[in-house]
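Peer 1: Take a look at this one; I'll ask things after.
Just so it is clear, none of the values below were taken in a lab; they were calculated from the coordinates. As the structure is a prediction and not an experimental result, all values here were calculated from the model. Every residue, glycine among them, receives a Cβ derived from its backbone with ideal geometry; neighbour counts consider all protein chains shown.
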Amino acid sequence: MADMYLSVLQRSIDWKALQPENDKVTILEYIWIGGEGQDLRGKTKVLQEKVTKLEDFPIWNFDGSSTKQATTESSEVLLKPVYKCPDPFRKNFPNAFLVLCEAINTDGKTPATANFRHVCSKIMDKALAQKPWFGFEQEYILLKPEGVDLFWPLGFPKGGYASPQGQYYCSVGAKNSFGRVIPEAHMAACLAAGITLSGLNGEVFPGQWEFQVGPVEGITAPDQLWMARYILRRVAEDFGIEVTYEPKPVKGDWNGTGCHSNYSTVDTRGEGGFDVIIGMMDKLAAKHSEHILIYGKDNNLRLTGAHETSSMKKFSYNVANRGASVRIPTVTRDEKKGYFEDRRPAGNCDPYLVAGMLVDTTVNDGVLGAELVKTFGGFGMSYLRRGDSLF
Ligand code: ADP
Ligand code: MN
Ligand code: MN
Ligand code: MN
């Protein structure tokens, strides 16, 4: 019934083609990371003037008591715009932007729960001369609603399971490939938004896909990944489909979901880069548990050593080996310079934490990384903790 009302409304006015009466009108979609660290939130601000520069977008606020980021008594949390791109969902409006924001407590300084961009940004500033590049491979699984709070993988029969994995990866055809319209629409929307989306592919689990963002330099890389995640949820919403980034949504002999993070610096990309990378492996080995701690909730269910993962108990690296914590691509070995792939981050990782830790461990002195781990723990999120049996 609800669907019928919606379709009648859509036909009564062609609202996607409507233009604002005042052509200076600016529509800003403010987006921020909610208190659970996974929940992206957004609300719309309409300005009766033409504003196009990020610096000119006003500070705004929201009710943090509704996002687990404040109490009812002191509920206001500030929104500070930090990254913007054209809004691909509002192409009919000449001035419409998606605006990623840092959520900040009312003191105007301290970050709200689950907002780690500020520390990541300090780490990037410190490492500016090394021009760190990131390429994220974001995997995800499409889910269809099957009832109240029940979502089931696209490609699985309701309440049941698909044939064992093997034929789904990079597949074509209705037997093995599920929901392709969503990654296609997502790619179009990301490119319309100016995001450096660099590819997509079908993955090992049915209804699982991957898109890549990068290489992009510095803090803009995690900014773009968060924006691309937002765009994906919005695109999928149009089709009545959900997206999960959970590292191991289906237990058993099924692949999990990762966010392999590819990384390079001026020194790894230059002459002698391979040796620089090997030096970085020692530093990463020494900080393995700190990295694992912040690489995503429930990642222990994924990093078992099976299904193209490494065991999370021990750091390892190798050339071309998809069972290692870090894979050095063959091309990097052959050219003796380039990048490496950190395969540990879970699909639901916060790329501000991942990018920040990578740079802090490999290039900086480890001080801000320790702060990241500490503030992270301070937020009391249910990620892995030191003392969990895995360490
Ligand atoms: P895989 O073989 O692991 O599936 P993909 O092709 O999916 O690899 O992803 C490779 C990623 O590496 C891309 O996101 C790309 O942007 C990134 N990348 C390529 N070169 C660099 C580099 N020099 N520094 C950082 N990232 C890079
Ligand atoms: Mn990939
Ligand atoms: Mn993949
Ligand atoms: Mn990969």
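Peer 1: By the scheme Lys and Arg +1, Asp and Glu -1, what is the net charge of all other residues having a beta-carbon under 13 Å from that of residue 260?
Peer 2: Cβ neighbours under 13 Å give a net charge of -2.
Peer 1: Across segment 120-126, in residue order, what do the Karplus-derived ³J(HN,Hα) couplings come to in whole Hz, using 6.51 cos²θ - 1.76 cosθ + 1.60 with θ = phi - 60° and x for Gly and Pro?
Peer 2: 4, 5, 5, 4, 5, 4, 5
Peer 1: Additional query: Roughly speaking, what is the centre-to-centre gap between segment 75-149 and segment 187-240 when only Cα atoms are used, to the nearest Å?
Peer 2: If we compute the Cα centre of each part, the gap is 13 Å.
Peer 1: Place a +1 charge on the Cβ of each Lys and Arg in segment 124-385 and a -1 charge on the Cβ of each Asp and Glu, then give the dipole magnitude about the Cα centre in debye, rounded to the nearest 20.
Peer 2: Charge dipole of segment 124-385: 520 debye, to the nearest 20.
Peer 1: Using +1 at the C-beta of Lys and Arg and -1 at the C-beta of Asp and Glu, which of 96, 12, 221 has the Cα lying farthest in the positive direction of the dipole of the chain?
Peer 2: My answer, from the dipole projection, is 221.
Peer 1: While we're here: For the ranges 145-152, 223-230, 162-169, what's the packing order if you count other beta-carbon atoms within 10 Å of each residue, average per peptide, and put the highest first?
Peer 2: 223-230, 162-169, 145-152
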